């Protein structure tokens with residue numbers, strides 16, 4: 001089962017979070033401190049925690065100011081799942097082989113689950129499966145010892161009626177058949193003594209069996225109940241972790257034992273380590289108090305074995321630096337030491353490792369414990385992770401999240417810009433505060449609050465101190481090549497008294513066609529006006545369609561739009577930014593840039609090959625010639641040349657056709673912005 005969406009009701013400062021749709025397996029929720037991020041995750045965690053003592057409690061979890069309306073039947077969490085292998089088990093519970101891909105499960109304050117199958121509400125009726133009825137009714141069989149023909153016939157008729165009654169779901173009526181069936185069988189009985197004895201034995205057993213079968217059928221779970229139990233049994237484990245659950249590595253064992261009934265978070269992590277590594281705290285304490293050399297050696301062996309067990313279980317999960325774990329003890333003082341295998345510095349106490357390493361180490365321990373050692377199939381809820389990591393470490397953490405999310409669903413909260421992955425805008429949600437100060441969740445980045453906007457803008461590289469330098473109108477292009485050429489062409493047109501790109505429009509290079517999508521989405525979400533320019537090739541058309549149909553509809557009140565280069569120039573086929581230039585002029589600059597590389601390869605010149613944009617055809621020619629093509633260097637050279645030209649009459653190489661195309665393109669782009 002994979003969690004695809006959830007909704008929290010009546011939990012702390014959340015009246016109704018709204019349906020939070022998850023982006024595949026990794027979702028980021030951005031919000032300021034005290035916005036409700038922790039309440040959101042804790043409300044979700046209690047849906048199916050590893051520790052079953054963690055429960056919803058209306059006394060402490062019900063929203064303040066509404067105590068008079070407390071109700072244990074109130075649904076706290078609604079979770080939506082996609083089903084996988086569970087579909088096979090469910091199909092076997094019904095009279096049909098139909099498969100159900102989705103299920104919605106709710107849990108209320110009383111801890112009760114309800115299970116609903118969208119579009120299949122009547123698929124699991126509130127009755128038992130006929131196969132279950134048949135299996136129990138199979139105990140009803142005609143006499144196997146000699147009886148009279150009349151008795152044999154009457155017993156068959158009684159059994160048929162009993163089975164029909166059972167198949168009609170009238171289980172209580174089975175016991176009521178005992179009287180009429182007894183009379184019927186007694187009337188059909190023979191006077192022959194041996195047969196009469198067999199008939200009497202069958203009659204006694206049959207009447208008792210009717211009552212037994214009636215009780216067994218009444219106790220059978222219905223198909224509805226079986227489906228409910230199947231889904232609840234397969235619910236993924238929800239694991240919650242915040243910054244405060246990290247383990248420092250050192251502890252006083254006797255003090256831990258004194259607090260065993262009310263352990264601190266550090267104690268809980270230590271005891272979890274002992275459980276995973278096969279250690280017993282009481283035994284370690286007794287060994288530490290002993291003066292017997294044999295007992296002391298045994299303690300050392302136990303600690304060595306425990307370190308090896310834990311190393312083999314989790315050490316390979318810290319890919320940045322493989323390590324091994326070692327435990328040691330001095331009296332009642334317990335130590336955890338780590339040796340990083342790619343650094344020749346020996347064993348160091350865990351508390352001397354980086355905070356990031358301590359966090360990952362502690363998280364992997366809890367992850368291993370709560371997932372039963374599988375590291376898979378869980379819902380991981382991380383509350384403000386990476387708070388103590390430097391920006392580079394936070395970026396590493398994002399990659400670590402991708403690894404965790406391959407086999408798990410991961411939801412994390414943050415207010416740190418470096419933990420917002422702008423490459424995946426569909427993963428990002430924001431916490432919002434309603435007028436009644438209750439919290440809700442939205443994927444509408446444009447409606448985020450001031451604090452959330454600052455986080456998102458910082459993730460884009462927009463520093464708060466630089467906001468006055470940002471243009472309200474922005475043309476987002478794929479890369480620096482487009483930026484160089486368009487900037488130079490616009491400047492050239494303006495110097496020649498022809499209209500170029502409007503002065504109030506800034507050109508932003510996203511990095512690639514796919515990067516245009518997420519960068520434009522974020523900028524629109526921050527209230528900026530954006531026109532996204534794509535090449536008219538397969539990649540450009542696909543990304544333009546994604547931005548236009550998937551993301552911009554979220555921001556209907558903006559003037560933002562997309563532009564395909566070919567449509568703007570009224571050209572068919574594949575069109576790239578270099579197609580603004582004549583092929584002859586572009587090739588001259590290509591050979592000028594690559595003169596040394598071509599000479600070294602013994603190639604005099606390279607001609608465009610195949611179909612597609614001019615750049616694609618030139619790149620194909622270079623590849624076949626065995627020379628690396630540097631598109632950006634060519635674009636820089638063209639920009640330099642265009643910047644040096646002063647008047648249109650001297651554009652012998654650039655040509656009026658290029659100027660006309662550029663003017664037409666800029667007019668089209670200018671028209672897509674608001675006045």
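Overview of values
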read-out	value
Tally of residues being within 22 Å of residue 572 (Cα to Cα) and surrounded by fewer than 17 Cβ atoms within 10 Å (Cβ to Cβ) across the range 515-540	2
Any strands (runs of 3 or more DSSP E) falling wholly within the range 258-366 and containing at least 2 residues that are touching a strand residue (DSSP E or B) at 6+ places or on another chain (Cβ under 6 Å) and either under 20 Å from residue 241 (Cα atoms) or at pLDDT 90 or above (or both)	323-330, 333-340
Test for residue 558: is it within 39 Å of the chain's Cα centre (by Cα) and part of a loop (DSSP other than H, G, I, E, B)	yes
Single residue of 326, 358 found to be over 30 Å from residue 52 (Cα atoms), touching a helix residue (DSSP H, G or I) at 6+ places or on another chain (Cβ under 8 Å) and in contact (Cβ under 8 Å) with a residue 12 or more places away in the chain	326
Test: residue 94 is in the same structural domain as residue 11 (by TED's automatic domain parsing), part of a loop (DSSP other than H, G, I, E, B) and in contact with a helix residue (DSSP H, G or I) (Cβ under 9 Å, 6 or more places away or on another chain)	yes
From the options 199, 157, residue that is in contact (Cβ under 8 Å) with a residue 24 or more places away in the chain and farther than 30 Å from residue 127 by Cβ	199
Filtered residues of the range 215-243 (kept if more than 24 Å from residue 4 (Cβ to Cβ) and in a helix (DSSP H, G or I))	215, 216, 217, 218, 219, 223, 225, 243
Scan of the range 551-568 for residues that are out of contact with any helix residue (DSSP H, G or I) (no Cβ under 6 Å at 6 or more places or on another chain) and more than 18 Å from residue 527 (Cα to Cα), ordered by number	563, 565, 566, 567
Residue that is modelled with the lowest pLDDT, among those in the range 12-33 that are surrounded by fewer than 17 Cβ atoms within 10 Å (Cβ to Cβ) and in a strand (DSSP E or B)	21
Sole exception among (1) at pLDDT 85 or above; (2) under 29 Å from the mean Cα position of the chain (by Cα); (3) part of a helix (DSSP H, G or I) for residue 522, by number	(1)
Residues (surrounded by 16 or more Cβ atoms within 10 Å (Cβ to Cβ) and within 43 Å of the chain's Cα centre (by Cα)) located in the range 605-620	612, 613, 614, 615, 616, 617, 618, 619, 620
Failed criterion for residue 396 (all others in (1) assigned to a helix (DSSP H, G or I); (2) surrounded by fewer than 20 Cβ atoms within 10 Å (Cβ to Cβ); (3) in the same structural domain as residue 253 (by TED's automatic domain parsing) hold)	(3)
First in the range 603-616 and in the same structural domain as residue 579 (by TED's automatic domain parsing) and outside any loop (DSSP other than H, G, I, E, B), second anywhere and surrounded by fewer than 16 Cβ atoms within 10 Å (Cβ to Cβ) and at pLDDT below 95, Cβ under 8 Å, 6 or more apart	614/583; 616/610
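For (1) assigned to a helix (DSSP H, G or I); (2) farther than 30 Å from residue 225 by Cα, each residue gets a yes or a no:
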position	(1), (2)
135	yes, no
141	no, no
150	yes, yes
159	yes, no
163	yes, no
186	yes, yes
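The values are calculated or read from the model by the stated rules, or taken from the named source; none is laboratory data. Computed from a prediction, not measured in an experiment: that's the story for all the values here. We place every Cβ from the backbone using ideal geometry, glycine too, and count neighbours over all the protein chains shown.
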